[in-house]
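One structure is given below, encoded as structure tokens.
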Amino acid sequence: MADEIDFTTGDAGASSTYPMQCSALRKNGFVVLKGRPCKIVEMSTSKTGKHGHAKVHLVGIDIFTGKKYEDICPSTHNMDVPNIKRNDYQLICIQDGYLSLLTETGEVREDLKLPEGELGKEIEGKYNAGEDVQVSVMCAMSEECAVAIKPCK
Amino acid sequence: MSSVFQRYLALANQVLSWNFLPPNLGRHYIAMFESSQNVLLKPTESWREALLDSRVMELFFTVHRKIREDSDMAQDSLQCLAQLASLHGPIFPDEGSQVDYLAHFIEGLLNTINGIEIEDSEAVGISSIISNLITVFPRNVLTAIPSELFSSFVSCLTHLTCSFGRSAALEEVLDKDDMVYMEAYDRLLESWLTLVQDDKHFHKGFFTQHAVQVFNSYIQCHLAAPDGTRNLTANGVASREEEEISELQEDDRDQFSDQLASVGMLGRIAAEHCIPLLTSLLEERVTRLHGQLQRRQQQLLASPASGSADSKVLDDLYEDIHWLILVTGYLLADDTQGETPLIPPEIMEYSIKHSSEVDINTTLQILGSPGEKASSIPGYNRTDSVIRLLSAVLRVSEVESRAIRADLTHLLSPQMGKDIVWFLKRWAKTYLLVDEKLYDQISVPFSTAFGADTEGSQWIVGYLLQKVLSNLSVCSSEQDLANDTVQLLVTLVERRERANLVIQCESWWNLAKQFASRSPPLNFLSSPVQRTLMKALVLGGFAHMDAETKQQYWTEVLQPLQQRFLRVINQENFPQMCQQEEVKQEITATLEALCGIAEATQVDNVAILFNFLMDFLTNCIGLMEVYKNTPETVNLIIEVFVEVAHKQICYLGESKAMNLYEACLTLLRVYSRNNVGRQRADAPAEEEEQYQDLLLIMELLTNLLSKEFIDFSDTDEVFRGQEPGPAANRSVSAADVVLYGVNLILPLMSQDLLKFPTLCNQYYKLITFICEIFPEKIPQLPEDLFKSLMYSLELGMTSMSSEVCQLCLEALTPLAEQCAKAQETDSPLFLATRHFLKLVFDMLVLQKHNTEMTTAAGEAFYTLVCLHQAEYSELVETLLSSQQDPVIYQRLADAFNKLTASSTPPVLDRKQKMAFLKSLEEFMANVGGLLCVK
């Protein structure tokens, strides 16, 4: 079968985005707007004149910075969609504003910053109180950031 | 002087707009009448002398003639006349007097408006006068006035309708803010519908000529020059700027549905004229469209870079065809919800009347060759006109399909594409496989061309399927068009007889295979369209087939779904690769398809579909664990459960329902384990995700609870032979699942989340349901949960919308009754209800509240009073003792005495409760506003 999907290859060399027809995007999905990976928070269509063709109006929020981006394009166009990955790591310690995280394979990563804002304070507080927490890390277009925490089971 | 006169007119208008209500009407009715905008004049007999005196109406006509140039006063005087035009009721001693009055009035009206040029400010008023006359006076009174007078009246109506229609079109071109002529035109067209709907009082053909005129003028206003006057102003053709149209703008077929329904009805009355007219207008435009597209294609071939030439010619053609198809659709068929629409009798008669002159074979040839010009077929004039009109639309459709094949999609109008499939859907519902049993007599051309077991119907089904495929292959970018297209597909398979034909078509099987393989272009379709497509494919599977074919069909449609899904999730390293984009897409597509399958549930297929879906649900729970980090997937998984519960729970027997309850419970457990204590980055998008999860979970719980209200499963017949014996060991009940769910939701709910109105309403709906259905479970709740539930109720009563407040009040009654039953005076619920007594008491006596809530509040109040009589007396005492004004004190004391007089001592008994509610109404009327804190 020609259209069979190959699940066996790993993601080495996988591109960080893939194209998708504008009309097939969905609210709460992801899209690249102005070069930034965004979560689609609003999607509407319009047309020029009664017999015109549809255009899609997208509003997205940068998944890392929270900044808002907008774009409008013909609905037949392809847009880039970022590959999004999420991983849970156990928090080992916080040092100089960086997180030390234990991966599933037992390696330690120390390249992720403690996020700013509420979540960062929360992580720090839990860590200082000696609680065991898991940190969810989201990765897209070779950028990574902690996005959530939950107590270890 | 003139301002005095204006006051006089305004006063007269007020008097004539009085509501003459019978004295003993309930408060609810009074409120209803007071809120209604249009009051018809129905005075008592005592007004006979004043109003039936013909000099009164003459006076108003004279007044109007004198002041009509002053637009303010003219509106008042016309309103007075409109009120007089609605005169009815006991004021008329007999029918004769009513006839005299009407004749006199119409004479006055005609004298006033004939021969004058109507001012803009008069249009709406005049149309109200006419509309009132036609609505209020019975048909037999209308026909009893001198026939010449009646004819002049109808002619005048025709003239006004056409003229207002033209002015309305002008208003649209000039983009006026205040569309007075459009409003007047709407009203007159509506009056026509009222007038002709009950036409047995008039001799046959009486309205035909008038209908022709109104119909022609409607068509004329909507066609471009030279046939019509669209966009024409006094200074020539207005060049309308191409404006941006948002998706929220209603389609013309909905926005103008009332107008189109009237025009369609008039078209049926004058079928002899209108059907051939529409046919020739459409056929002519098909030829032109075809020519235009060919020319553009050649231009493109000659110089591919020529790009966008002027599109005006094409756009004009599209707009013409758009309106012609809409009118044709409304003329040929009705849109009915749920029931089978019938071929309109006028159309049937028209076809039968001419069937002797018709050559059936040529008719079938015209129908079966949409690619050829109708006039190129020998003997084309001896064909059934109704079928020829249909075939004219098919010709438009064919030009469109060919343009798609020639890669000219960018030149086509998606709007016209929508019109075509909308028409075909409407037509197919009514005409395709026409059921002869439903009609007294049936037209031979119809039964030959579209009857059951005819080549014609088989051909059309094949053609429609081709159309659907052609559209879906290119219109993935036009969501509305794709949606209308799949709706046509659903229409073709939702009735068994049609589905039987559909599954004989090869293209149907191709569609099924193509969709199952998830290859382009079908996988570009938006998710709602894909769901509907899946629904259609499943519905088609329940058509009549031999066992082998059926087996093969399901192998093509459903099995690939299962196989692909299992192949993905059973891979050894699935948890590691689950975040890969292809894997995620595969999972998303499967979940979407499951929602579509659930949507296809009907009573006769639920057994098969439930078993099929149940296997998936179990696996979906595993997915919840794997994708716990991926909110959009979690969301979709919950949605699958919501859909299955929504569509299927009402049909499930005890043990199947149990399976579903168990699955839902496990789902909730996993969700809770992964989300309690979870904190996310405070981006607005994250909050919305949580909101959506919670909303879906509440929907799921409400759906599960709905089984307590709506249950079609009493015999369990659909599952016969599959039940593993009586479910003696009930492990889970709906109550357990729902209460568990609530337990889970409550800690996640926050006052911030309650600011989402949909979420708030859904939440309160759910807890009210629970209190109503399982009041006995409430006292058994864990303390925390119990407390937050009571707090939610209090919050709902005091600081939410009135709708939520009403829900909370409704929840109190069963809770108080539960307490009374249990007879424990120290339980937390008992103490809580005591607190609620004070809340409801304050609400009724001290606060301004919505009167609609009095009933719900009253019921809750009475039950609470029964439960806590001593506390109630105390509340009354405290309130009275705080009054300093002896008059108010006395009034209040009397009112409270009267309130409980009929129910002392208060007991939980329906009769007493009703008596109390009645006294409460009096109590509210008497002292309701007395203590309101301002």
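A compact table of results
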item: Tally of residues being more than 15 Å from B:VAL840 (Cα to Cα) and without any contact (Cβ under 8 Å) to a residue 12 or more places away in the chain across segment B:850-901; result: 14
item: Test result for B:THR854, of a type in the set (S, T, N, Q) and either within 48 Å of the chain's Cα centre (by Cα) or surrounded by 14 or more Cβ atoms within 10 Å (Cβ to Cβ) (or both); result: yes
item: Hits in segment A:49-95 - residues which are in contact (Cβ under 8 Å) with a residue 24 or more places away in the chain, facing chain B (nearest Cβ under 9 Å) and aliphatic (A, V, I, L, M); result: A:ALA54, A:VAL56, A:ILE63, A:VAL81, A:ILE84
item: Residues (closer than 27 Å to B:LEU522 by Cβ and either facing chain B (nearest Cβ under 7 Å) or without any contact (Cβ under 8 Å) to a residue 12 or more places away in the chain (or both)) located in segment A:23-48; result: A:SER23, A:ALA24, A:ARG26, A:ASN28, A:GLY29, A:LYS39, A:SER44, A:THR45, A:SER46, A:LYS47
item: Segments classed as helices (runs of 4 or more DSSP H), wholly inside segment B:454-531, with at least 1 members that are touching an Asp or Glu at 6+ places or on another chain (Cβ under 7 Å) and either farther than 19 Å from B:LYS425 by Cβ or touching a residue at least 12 places away in the same chain (Cβ under 8 Å) (or both); result: B:506-516
item: Looking only at segment B:241-251, and only at residues there that are surrounded by 10 or more Cβ atoms within 10 Å (Cβ to Cβ) and more than 8 Å from chain A (Cβ to nearest Cβ), the one that is modelled with the highest pLDDT; result: B:ASP251
item: Looking only at segment A:96-147, and only at residues there that are touching a residue at least 60 places away in the same chain (Cβ under 8 Å) and farther than 21 Å from B:ASN675 by Cα, the one that is surrounded by the most Cβ atoms within 10 Å (Cβ to Cβ); result: A:ALA140
item: Yes/no for B:CYS819 being buried (at least 21 other Cβ atoms within 10 Å of the Cβ) and within 20 Å of B:SER750 (Cβ to Cβ); result: no
item: From the options B:LYS647, B:LYS656, B:LYS628, residue that is among the basic types (Lys, Arg), surrounded by 18 or more Cβ atoms within 10 Å (Cβ to Cβ) and at pLDDT 90 or above; result: B:LYS647
item: Pairs with Cβ under 9 Å, 6+ apart, first in segment B:609-626 and among the polar types (S, T, N, Q), second at pLDDT 90 or above; result: B:THR618/B:ALA663; B:THR618/B:THR666; B:ASN619/B:PHE565; B:ASN619/B:LEU566; B:ASN619/B:ILE569
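The rows are residues; the columns are (1) at pLDDT 90 or above; (2) part of a helix (DSSP H, G or I); (3) hydroxyl-bearing (Ser, Thr, Tyr); (4) surrounded by 14 or more Cβ atoms within 10 Å (Cβ to Cβ).
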residue: B:LYS535; (1), (2), (3), (4): yes, yes, no, yes
residue: B:MET545; (1), (2), (3), (4): no, no, no, yes
residue: B:GLN579; (1), (2), (3), (4): no, no, no, yes
residue: B:GLU582; (1), (2), (3), (4): no, yes, no, yes
residue: B:ALA598; (1), (2), (3), (4): yes, yes, no, yes
residue: B:ALA607; (1), (2), (3), (4): no, yes, no, yes
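Condition check ((1) within 27 Å of B:LEU695 (Cβ to Cβ); (2) modelled with pLDDT of 85 or more) across all residues:
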residue: B:ALA727; (1), (2): no, no
residue: B:VAL738; (1), (2): yes, yes
residue: B:LEU789; (1), (2): yes, yes
residue: B:LEU829; (1), (2): no, yes
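To keep it simple, each residue is scored yes or no on (1) part of a loop (DSSP other than H, G, I, E, B); (2) farther than 25 Å from B:ALA870 by Cβ; (3) at pLDDT 85 or above.
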{"position": "B:VAL887", "(1), (2), (3)": "no, yes, no"}
{"position": "B:GLN890", "(1), (2), (3)": "no, no, yes"}
{"position": "B:THR900", "(1), (2), (3)": "no, no, no"}
{"position": "B:PRO906", "(1), (2), (3)": "yes, no, no"}
{"position": "B:GLN912", "(1), (2), (3)": "no, no, no"}
{"position": "B:PHE916", "(1), (2), (3)": "no, no, yes"}
{"position": "B:MET924", "(1), (2), (3)": "no, no, no"}
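The values are calculated or read from the model by the stated rules, or taken from the named source; none is laboratory data. Note that the coordinates shown come from a computational prediction; the quantities given were computed from them, not determined experimentally. As a convention, Cβ positions derive from the backbone with ideal geometry for all residues, glycine included, and neighbour counts pool all protein chains shown.
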